[in-house]
Amino acid sequence: MSKANLLRMAGALALLAALPQAAQAATAQKTTSSASAASLPIGHCINMGGMLDSDDWGGKKLDAGDFVRIRAAGFDTVRLTTNWVNHASDTAPYTIDPAWMARVTDMVDAALANNLNVVLNSHYFPALDADPLGNAPRLAGLWKQIAANFANRPNSRLYFELFNEPHDAFTPAVQAQVVGPALAAVRATNPKRPVIVSGGPWANVDTLATLNLPNDPNVWPTFHYYDPMDFTHQGADWVSPAFPLGRTYGTYWDQQALINDPPKVTAFAKRTGKMPFIGENGAYDVIPDPQRAEYHKAVYQAFTKVGAKVCVWAYSNTFPFWDYDTGKWHPGLLSAIGLKEQP
Ligand code: BGC
C-alpha cells in the first residue's frame, strides 16, 4: 500500500518553524479557551489495524477475546478499520456481501458487549481517492447499507467514520460533494448517529485548518498524527522513498513540533466548537519499544493537554501494542498513554 508519507510528512516539516517564547505563551492561553468545545467520548482508544481492513492480515482472525483483553487493559474505544469495497459489488446498488456484513456485525457487537465504544470506518477505498466525485455514489451506497444494518445500536456507543485519510484527488475542494451524499445516506436511518470526518491530504494535523464540517450537530472531526514521519515510519516499505532506520525520538525539533501542533487543534476547536480526536498515532515496530513508548508518551501528553483524545495505531499487525508471539502487551506502551502496564 502506498501511504504517502511525503504529504503526511509535510505536517512534520511545517513544524520546523519554531515559535518564539512570546508566541508560546499566547498559545497556552488559547488552549484554555477550547476547554468548552464539545467532544466525542473517545477516552482511551486503539485501532484494530490490519484485521477487518486487510482480511485478517498475518492470519490472526479478530475475535471477541481481543475485545475482552483490550477492555481489561483499560481502553474505552476501538476503531474498527474496515474494508467494505472489496466485499461489495462495484456497480449500483453496491450490495455488500451478506457474509461480510455478518462478520463485521459480530465484531461490532462483540466490542459493544465488552463495554467498548466503536468507531466503524471505511478504511480502504483507493478509487475514492483517485476519483472522488465518480465514487461518491458508491461510498453513499455502502454507507446506506452499513447504516441501516447498525441503526438500532446505541448512538452513544457506535460512531461511523465515512472514510480514511482522503488524499490524491480527494481534496478539500471536493470534500463537501463526497460527504454530502454519504452523510445523507446515513441520516436516512440514523438521524443522530455520530459521524466522523477528516480532511485531506492524509488527515494530517494541518488539514484541520481547511476542514469544514457540514452543518450537523452530530458530525465530528478527526485527524492523524504520525509526525515526525522519519521517526515513526523509518524502515516502512510502504513509504517511498524509505526513511533510514536508526532515527531516535526526542530531538529539539521533535519537541518544537509538540509545542507548535496542539494549538492547531485548539484553533479548530475555537472555530467550530468541536474538539477533534487523533484517530491514528503510532510508530513502526522496527523501532525499539522504549523509543516507541517515549514517542507515544510525548504525543499523548501534548495533545490530551489541549483536550484531544488519542486512538493509537494499533492493536496488532503494523505498529502493534499487543504481541501475539509473547502473549503480552509491548512493554511501556500502555503506561505511555496513561494506562496500567499489564502483567
Ligand atoms: C494503514 C496501515 C499503516 C498505518 C501507518 C494506516 O492507516 O492502514 O496500513 O500501517 O496507517 O502507516
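Going by the structure shown, is F150 surrounded by 14 or more Cβ atoms within 10 Å (Cβ to Cβ), more than 16 Å from the ligand (Cβ to nearest atom) and touching a residue at least 12 places away in the same chain (Cβ under 8 Å)? Working first, answer last.
Working: surrounded by 14 or more Cβ atoms within 10 Å (Cβ to Cβ): yes; more than 16 Å from the ligand (Cβ to nearest atom): yes; touching a residue at least 12 places away in the same chain (Cβ under 8 Å): yes.
In short, yes.
Given the criteria more than 16 Å from the ligand (Cβ to nearest atom) and acidic (D, E), does D227 qualify? Give the derivation first.
Values: more than 16 Å from the ligand (Cβ to nearest atom): no; acidic (D, E): yes.
Judged against the criteria, D227 is not a match.
Looking at S39, is it more than 16 Å from the ligand (Cβ to nearest atom), farther than 19 Å from G282 by Cβ, of a type in the set (S, T, N, Q) and at pLDDT 75 or above? Give the derivation first.
On the way: more than 16 Å from the ligand (Cβ to nearest atom): yes; farther than 19 Å from G282 by Cβ: yes; of a type in the set (S, T, N, Q): yes; at pLDDT 75 or above: yes.
Here the answer is yes, as S39 does meet what is asked.
Does the range 233-248 contain at least one residue that is more than 16 Å from the ligand (Cβ to nearest atom), among the hydrophobic types (A, V, I, L, M, F, W, C) and outside any loop (DSSP other than H, G, I, E, B)?
Within the range 233-248, not a single residue is more than 16 Å from the ligand (Cβ to nearest atom), among the hydrophobic types (A, V, I, L, M, F, W, C) and outside any loop (DSSP other than H, G, I, E, B).
Tally up the residues in the range 207-232 that are part of a helix (DSSP H, G or I) and crowded, with 22+ Cβ neighbours inside 10 Å, please.
Within the range 207-232, the first condition is being part of a helix (DSSP H, G or I), and the residues that meet it are 207-209, 229-232.
Filter again for crowded, with 22+ Cβ neighbours inside 10 Å, leaving 207-208, 229, 231-232.
Of the residues in that region, 5 qualify.
Considering only residues that are surrounded by fewer than 18 Cβ atoms within 10 Å (Cβ to Cβ) and of a type in the set (S, T, N, Q), look in the range 95-122 and name the one that is nearest to A73 (Cα to Cα).
Checked the range 95-122; the qualifying residue nearest to A73 (Cα to Cα) is N115.
Residue by residue through the range 69-93, note down the ones that are under 30 Å from P181 (Cβ atoms) and in a loop (DSSP other than H, G, I, E, B). It would help to see each step written out before you state the result.
As a first pass, look at the range 69-93 and keep what is under 30 Å from P181 (Cβ atoms): 77-93.
T81, T82, N83, W84, S89, D90, T91, A92, P93, listed by residue number.
Pairs under 7 Å by beta carbon, first residue closer than 17 Å to T91 by Cβ in the range 113-136, partner within 13 Å of the ligand (Cβ to nearest atom), six or more apart or different chains?
Listed by first residue and then by second, the contacts come to F125/F163; L128/F163.
Looking at (1) in contact (Cβ under 8 Å) with a residue 24 or more places away in the chain; (2) out of contact with any helix residue (DSSP H, G or I) (no Cβ under 9 Å at 6 or more places or on another chain); (3) under 18 Å from V178 (Cβ atoms), can you tell me which one Q234 breaks?
(3)
List every residue pair whose Cβ atoms lie under 6 Å apart, where the two residues are 6 or more positions apart in sequence or sit on different chains, the first residue falls within the range 319-343 and is without any contact (Cβ under 8 Å) to a residue 12 or more places away in the chain, and the second residue, located anywhere, is part of a loop (DSSP other than H, G, I, E, B).
Final answer for the pair search is D323/H330.
Would it be correct to say that A99 is more than 20 Å from the chain's Cα centre (by Cα) and either in a helix (DSSP H, G or I) or touching a residue at least 40 places away in the same chain (Cβ under 8 Å) (or both)? Explain how you work it out, then say what you get.
On the way: more than 20 Å from the chain's Cα centre (by Cα): yes; either in a helix (DSSP H, G or I) or touching a residue at least 40 places away in the same chain (Cβ under 8 Å) (or both): yes.
Answer is yes for this residue.
So which of A302, A257 is in contact with a Pro (Cβ under 7 Å, 6 or more places away or on another chain), buried (at least 23 other Cβ atoms within 10 Å of the Cβ) and farther than 20 Å from E165 by Cα? Spell out how you get there, then give the answer.
Details: A302 fails: buried (at least 23 other Cβ atoms within 10 Å of the Cβ).
The unique qualifying residue is A257.
Might you let me know whether the range 38-54 holds any residue that is of a type in the set (G, A, S), at positive phi and in contact with a strand residue (DSSP E or B) (Cβ under 7 Å, 6 or more places away or on another chain)?
In the first step, residues of the range 38-54 are kept if they are of a type in the set (G, A, S); the result is 38-39, 43, 49-50, 54.
Now drop any that are not at positive phi, which leaves 43, 50.
Adding the requirement that they be in contact with a strand residue (DSSP E or B) (Cβ under 7 Å, 6 or more places away or on another chain) leaves 43.
Yes, some residue in the range 38-54 is of a type in the set (G, A, S), at positive phi and in contact with a strand residue (DSSP E or B) (Cβ under 7 Å, 6 or more places away or on another chain).
The values are calculated or read from the model by the stated rules, or taken from the named source; none is laboratory data. From a predicted model like this one, the values you see are computed outputs, not experimental measurements. Don't worry about glycine lacking a Cβ; one is built from the backbone with ideal geometry, like all the others, and counts go over all protein chains shown.
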